[in-house]
Amino acid sequence: QVQLVESGGGLVQAGDSLRLSCAASGRTSSIGAMGWFRQAPGKEREFVAGISGGVGVTRYADSVKGRFTISRDNAKKTVYLQMNSLKPEDTAVYYCAAGSPVMATREGRYDYWGQGTQVTVSR
């Protein structure tokens, strides 16, 4: 089993930046690719960004491309999501996911999930 713990969420104003972190523990040899998803009130959970294991190939949702950056520190077993130029529509609970054999945009490919961290962007 892998445990994931997110941190770094909060309340910010439009245009501000936040960096989310997700630390993995447990059977970390099973981490594989990692990703960030988010769920806004009344909406389904959606893919935000993903990063493969190894060389760290990345992929982003169109809505965050150019503003968000995903990275990982394999030594620290941590994945990050740097969020710049935040918009009110970025308001959501952000979830970290791990355990996919390849970088994937579908949440069903990931075996492990964090508890989520709230990001609220005011106008």
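The values are calculated or read from the model by the stated rules, or taken from the named source; none is laboratory data. Values in this document were obtained by computation on a predicted structure and should not be read as measured data. Backbone-built Cβ (ideal geometry, glycine too); neighbour counts: all protein chains shown. To get the accessible areas, we keep the full protein, side chains included, count just its heavy atoms, and leave off ligands, DNA and RNA. Shrake-Rupley method; radii C 1.70, N 1.55, O 1.52, S 1.80 Å.
Numerical summary
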item: Selection from the stretch 100-123 of residues that are in contact with a Phe, Trp or Tyr (Cβ under 9 Å, 6 or more places away or on another chain) and either without any contact (Cβ under 8 Å) to a residue 60 or more places away in the chain or not in a loop (DSSP other than H, G, I, E, B) (or both); result: SER100, ARG106, GLU107, TRP113, THR117, GLN118, VAL119
item: Test: residue in the stretch 49-58 that is open to solvent by 30 Å² or more (accessible area, probe 1.4 Å), touching a Ser or Thr at 6+ places or on another chain (Cβ under 6 Å) and of a type outside the set (Val, Ile, Thr); result: no
item: Candidates SER71, SER52 - the one that is without any contact (Cβ under 8 Å) to a residue 24 or more places away in the chain and of a type outside the set (Phe, Trp, Tyr); result: SER71
item: Test set (1) modelled with pLDDT of 95 or more; (2) open to solvent by 40 Å² or more (accessible area, probe 1.4 Å); (3) closer than 20 Å to PRO101 by Cα - GLU44 fails condition number; result: (3)
item: Scan of the stretch 12-36 for residues that are modelled with pLDDT under 95, of a type in the set (Lys, Arg) and either open to solvent by less than 30 Å² (accessible area, probe 1.4 Å) or in a strand (DSSP E or B) (or both), ordered by number; result: none
item: Selected residue (criterion: farthest from TYR110 (Cα to Cα)) from residues of the stretch 1-33 that are of a type in the set (D, E, K, R) and within 17 Å of the chain's Cα centre (by Cα); result: ARG19
item: All positions within the stretch 72-85 that are surrounded by 15 or more Cβ atoms within 10 Å (Cβ to Cβ), out of contact with any helix residue (DSSP H, G or I) (no Cβ under 7 Å at 6 or more places or on another chain) and not aliphatic (A, V, I, L, M); result: ARG72, THR78, TYR80, GLN82
item: Residue ID - nearest to GLY32 (Cα to Cα), chosen from residues in the stretch 75-99 that are assigned to a loop (DSSP other than H, G, I, E, B) and touching a residue at least 40 places away in the same chain (Cβ under 8 Å); result: LYS77
